[in-house]
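Quick note: the coordinates plus some simple rules give every number you see, no bench work behind them. Predicted model, so just to flag it, every value in this text is computed and none were measured. All Cβ positions, glycine included, derive from the backbone under ideal geometry; neighbour counts span all protein chains shown.
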Amino acid sequence: LTAAATAVALSFSATAGLAACDDGEIVIKFSHVTNTDKHPKGIAASLLEQRVNDEMNGTACMEVFPSSTLYNDDKVLEAMLQGDVQLAAPSLSKFEKFTKQFRIFDLPFMFTNIEAVDAFQGSATGQAMKDSMQRRGLQGLAFWHNGMKQMSANRPLVQPTDANGLKFRVQSSDVLVAQMEAIGGSPQKMAFSEVYGALQQGVVDGQENTWSNIFGRKFFEVQDGTTETNHGIIDYLVVASVDWLDSLDADVRDQFLTILDEVTEARNKESFAVNQAARQSIIDAGGTVRELTAEQRQAWVDAMKPVWAQFAGDVGQENIDAAQAINA
Ligand code: LMR
């Protein structure tokens, strides 16, 4: 770019993101990494944006930056602490640098379904987790659901031994590294935005994710198939900086948090259906979905569950027991 073109590009990017905002409004930039439609987080973020812009017009305005267009999950929390972005909703696997408590959500086969996750998050333990990073400058505001994770690779995965020797992309979580090692895989931490290219080029052989992410990012197009393991979960924490929340007038903060609560309740109820629709869309688009017999699935449980023991100290045996009691 010439210097003049660079100057034009810079001035464009400085104002382009704020199109929805009038002078004097509090600007709320919400950065996330997934697609917007047919996705639990994408839909919830868009609804939040619409409601804030309708109901808080003149006071605040929100602009959502989806699909890693502003930050990927490795950068967004630092950017938030710098005041460059006000809202984010990284998956619970992305908080390793800030707290080890969330590791419970990554332990394989910890929760039977998203209702169990919801109940655990709604318990006193779950609610306290939202406050666990205050000393690090972050305040959790709401848990948002995605759903259960499935496994895909460039060859059929039926038995856990089929994963032996394969390279798997994982989120930036040591629990997920241990989980893939437990099935003989070689895990590689990688940003979400890089996964499609890495699968396509054979940098990795496989990955784990929810139906909505596998469909939304078209991973199924560059994989042999997806096996319905339901072996873990992806959920999110909507998070803001303590400093930014403190800077808001109490009535503005209350109105914003009320809208957020209502959006959370409305959209969390739909997350399962959104993922099931994405599963069907994969099949409709010609993708392969493999179901496991109870016996085959048990082999995955047996292979992965020993990982719990490695992390019991981080997450607390009493929390593991509480999660298991909810499943029962
Ligand atoms: C991933 O990195 O695979 C997910 O956390 C992406 C997301 O936000 O669902």
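Quick notes on this structure:
- Positive contributions from Lys and Arg (+1) and negative ones from Asp and Glu (-1), summed over other residues with Cβ under 14 Å from the Cβ of residue 215, come out at +2.
- Label-reachable residues, region 138-153, where backbone N falls under 16 Å from a point 7 Å from residue 261's Cα toward its Cβ: 140-144
- The label-point distance for residue 128 and residue 285, in a model that sets each label 7 Å from Cα toward Cβ, rounds to 4.2 nm.
- Placing +1 on each Lys and Arg Cβ and -1 on each Asp and Glu Cβ, with no other charges, gives the chain a dipole about its Cα centre of roughly 960 debye.
- Counting every pair of alpha carbons in region 91-151, the share spaced more than 16 Å apart comes to 44 percent.
- Sum of -39500 (n - 2.57) over DSSP H runs of 4+, divided by residues of the chain (222 nm, nearest 500): -13500 deg cm²/dmol
- Dipole of the chain [Lys/Arg +1, Asp/Glu -1 at C-beta], most positive-end residue of 210, 69, 197: 197
- Two-site FRET efficiency, residue 298 against residue 136, from Cβ-Cβ distance with R₀ of 41 Å, rounded to 0.05: 0.55
- Sites counted here are trypsin sites (Lys or Arg not before Pro) in a DSSP loop (not H, G, I, E or B) having no more than 12 other Cβ atoms within 10 Å; the longest part of the chain that contains none of them is 98-268.
- Among 44, 33, 289 - extreme Cα towards positive end, dipole of the chain, charges at beta-carbon: 289
- Label point at residue 327 placed 7 Å out along Cα→Cβ; residues across region 118-136 whose backbone nitrogen lies under 18 Å: 118-123, 126
- Each principal axis of the Cα cloud of region 177-322 was evaluated for its coordinate range; sorted largest first, these ranges are 53, 41, 31 Å.
- Contact order normalised by residue count of the chain, Cα under 8 Å, 6+ apart, percent: 24 percent
- Size of electric dipole in region 75-188: Cβ of Lys, Arg +1 and of Asp, Glu -1, about Cα centre, debye, nearest 20: 240 debye
- Using C-alpha pairs under 8 Å with a sequence gap of at least 6, the mean separation divided by the residue count of region 178-328 gives a relative contact order of 35 percent.
- Translational diffusion of the chain, µm² s⁻¹ [Kirkwood Rh, Cα pairs; Stokes-Einstein; 37 °C; 0.692 mPa s]: 159 µm²/s
- Tally of Lys pairs whose C-alpha atoms are under 14 Å apart, taken over the chain, 8 or more apart or cross-chain: 7
- Taking the DSSP beta bridges with both ends in the chain, the antiparallel portion is around 55 percent.
- Percentage relative contact order, region 192-264, counting C-alpha pairs under 8 Å, at least six apart: 23 percent
- Counting charges near residue 70 (Lys, Arg +1; Asp, Glu -1) among other residues having Cβ under 10 Å from its Cβ returns a value of 0.
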